[in-house]
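Here's the structure we're looking at; comments come further down.
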Amino acid sequence: MQANTARADRIAQRSRSENWKKPPRRIESSECITCDTCLRNCPPEFGAIFDRGLDVVIIPELCSGCPKCVLVCPVDCIYVDEEWTPTGDQMWSHIELTTGDPA
Ligand code: SF4
Ligand code: SF4
């Protein structure tokens, strides 16, 4: 419950937790086979991975760098992203629409 609230706060503020020491991860789209295995394994308290249809992306502001997705990706295409760039408004709008908490 508290963890989901924290995620909702990160979405509302569009910012990464200052407590996260690890950099976020990024998916190299030219190598990704869009199998969604990473998406299914990203812990719900982070919920950082989204399938946009044509590609699968990690939202750096939601990614703790834990790195469960890296351990399950069949093609090893998830990399450390030290120089991540902030997520754009269009993607945030999509996230806000898809993260309504029905519970
Ligand atoms: S590193 Fe962890 S939090 Fe980040 S996308 Fe992968 S599974 Fe999710
Ligand atoms: S597990 Fe790897 S190949 Fe599959 S969607 Fe995620 S990044 Fe792409």
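The values are calculated or read from the model by the stated rules, or taken from the named source; none is laboratory data. Keep in mind that this is a model prediction, so the values were computed, not measured. Positions of Cβ are generated from backbone atoms using ideal geometry, with glycine treated the same way; all protein chains shown enter the neighbour counts. Heavy atoms of the whole protein, side chains included, go into the accessibility calculation; ligands, DNA and RNA do not. Shrake-Rupley method; radii C 1.70, N 1.55, O 1.52, S 1.80 Å.
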- Using a 1.4 Å probe, what is the accessible area per residue for the chain, in Å²? 63 Å²
- Relative contact order (%) - criterion: Cα under 8 Å, at least six apart; region: segment 2-97: 35 percent
- Cβ charges +1 (Lys, Arg) and -1 (Asp, Glu), total dipole of the chain, debye: 280 debye
- Query: What percentage of the solvent-accessible surface of segment 2-97, computed with a 1.4 Å probe over protein heavy atoms, is contributed by carbon and sulfur atoms?
  - Reply: 49 percent
- Query: Which Cα, out of VAL57, ASN4, GLY88, lies furthest along the positive dipole direction of segment 2-97 (beta carbon charges, K/R +1, D/E -1)?
  - Reply: ASN4
- Item | Cα gyration tensor shape for segment 13-103, rounded if a/c is under 1.5, else prolate or oblate | rounded
- Query: Given the Cα-Cα distance of THR5 and GLU31 and 0.36 nm per residue of separation, how much length would full extension add, in nm?
  - Reply: 6.0 nm
- Query: Helix 2-13: angle to the longest alpha-carbon principal axis of the chain, degrees 0 to 90, nearest 10?
  - Reply: 90 degrees
